[in-house]
Structure formats: structure tokens, C-alpha cells
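Notes to accompany the following structure.
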Ligand SMILES: [Zn+2]
């Protein structure tokens, strides 16, 4: 989401977040006040619903996942998918894992989700060159590598398979997340006729996209409402712009008035 939000001068009290750009990049990047984690959590709940209706059993933030090999490890990956199909469409859509369960499935697939902004915030130490800024999926690739570094080895030591679920706030998925998502949809629509399969896939693309857009809009609205034009703990807004149309725009985005074009644009 790249909204022009004039009047916002500070996203929180962190001295490292002094610069707050009018396009909301800093607002979306800032982890303070729990707004960013809400976007992540909301998305995981919707993804879990999709997995559930597709017949894939999951556990959310299970404790002690890695304690077979590392008894002191308290990391809790977001979702563990059990009996996860590893390949669909005759192998044309498949994950890079060896099946270790009946019907070519994966016994336990550990996933951890990141929702990342395509651009670094204006306060980031490292800014992008024009060449890097133009690379599609750059932020998603970076987040994918970071997740592999964090969970890859310990998953392997515990005999588990790991797949990062990475989505940019624009709605663009990392290529492997896209494969995972398509495997789930193909599993859900297996045996359905073309019309039903198409409607079902569109429904879930819309549902996940709306969840992402609403969560981001709510996060921005939350920060805006906290300030209400005053200098308060966590946020500072300029009075000059207090009555501009931002709130109306954000309320519109956080309501139910998405056009299909917006929905599609977010999932492509
Ligand atoms: Zn901040």
C-alpha cells in the first residue's frame, strides 16, 4: 500500500524513526504498538482457514517444535501443516521437498510467515539503489533468506521440513509461497468442475487479499486514531492536516468497498 499521507510527522517515539514519509512506508515498516504483528496474525488466521477447508491439518504456534534436537529452544513457528500435499497437477506444481508420507505428501511441513514492505523505511540504514528498487520481489527474496537462516538448520536437525511464507504488502508472493498456495488451492478444488474450481480460487484469492488490505488499512487507521491530531505517546500528527481526507480514505479501504480490480491487483 503506497498512500500519500501528508501531515504525519512521526510513527512512534523511537528516536530511530524520526523521519516519517508521506507515502506511509515508515508507518507500514514500524513494529511499534503491535500494528505490524496484527497484519501478520490476521493473515495467518485466514491462511489457516484455507488450509483447514482443504483438508490439511495445522497447528498454530505450537510449543516445543524444535526441542527434540534443541531442548532449550522456545521458538514457535507460525503453522505446522500435517500430511501436506507436496505436488499437484501431475507434478507441474510442486515444492522442492521429498515426500515422506503416503500419497506423496509431507508428514510435517513447518512454515513461518513474513509480511514485508517492498521498500525499506526512510530511516533504514541501508537504502536501495535505483537498480535494486526496480527488482520485483526483492524484499520477499531477502525475507525468504532470513527465514531460512532462522529456521532452516534447526528444522533439519529435528527432521522437519521448512518453508517460509513470504508476502509483500503489495500482495506479491515469493515464488515458493505462490507454489505452496497453488498446491493448497489445487487440493481444495481437486475433482471439482472447471467453473466451481475457478470460483473457489477467486473466492480465496479475494479473501486473503481483502484480509491483507484491511489489516494494513486498520494498522494505518490505528496509528492515525491514536494521535487524533495531538502530540501523544507513540504518534505525532500535524494539526494543519488534521482535517484532510486521509481518514476517509483509510476507512474506505478498511471497510468493504474493495473493487474486484483492487483485489486482483493485490494478488497478482
Ligand atoms: Zn515507529
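Would you check which residues across the stretch 9-30 are within 21 Å of the chain's Cα centre (by Cα) and in contact (Cβ under 8 Å) with a residue 40 or more places away in the chain and list them? Scanning the stretch 9-30 gives 11, 24, 25, 26, 27, 28, 29, 30. Quick check on residue 72: is it touching a helix residue (DSSP H, G or I) at 6+ places or on another chain (Cβ under 9 Å), over 15 Å from residue 107 (Cβ atoms) and either surrounded by 15 or more Cβ atoms within 10 Å (Cβ to Cβ) or modelled with pLDDT under 95 (or both)? No; evaluated as a whole, the condition is false for this residue.
Residue 2 meets each of the listed conditions (1) modelled with pLDDT under 90; (2) closer than 22 Å to residue 143 by Cβ; (3) within 16 Å of the ligand (Cβ to nearest atom) apart from (3). Within the stretch 154-185, can you find the residues that are farther than 30 Å from residue 217 by Cα and surrounded by 14 or more Cβ atoms within 10 Å (Cβ to Cβ)? Answer for the stretch 154-185, where residues must be farther than 30 Å from residue 217 by Cα and surrounded by 14 or more Cβ atoms within 10 Å (Cβ to Cβ): 154, 155, 158, 160, 161, 162. Can you give me the ranges of the helices (runs of 4 or more DSSP H) entirely in the stretch 135-189 with at least 2 residues that are closer than 25 Å to residue 55 by Cβ and touching a residue at least 60 places away in the same chain (Cβ under 8 Å)? Output list reads 175-188.
Counting the residues of the stretch 31-52 that are assigned to a helix (DSSP H, G or I), within 16 Å of the chain's Cα centre (by Cα) and near the ligand (Cβ under 10 Å from one of its atoms) gives 2. Number of residues in the stretch 11-25 that are surrounded by 20 or more Cβ atoms within 10 Å (Cβ to Cβ) and not in a loop (DSSP other than H, G, I, E, B): the value is 1. Using the structure shown, decide if residue 28 is more than 16 Å from the ligand (Cβ to nearest atom) and either crowded, with 19+ Cβ neighbours inside 10 Å or outside any helix (DSSP H, G or I) (or both). No: the conditions fail for residue 28.
The values are calculated or read from the model by the stated rules, or taken from the named source; none is laboratory data. If you're wondering where the values come from, they're calculated on a predicted model, not measured in any experiment. In this analysis, Cβ positions are derived from the backbone assuming ideal geometry, glycine residues included, and neighbour counts consider all displayed protein chains.
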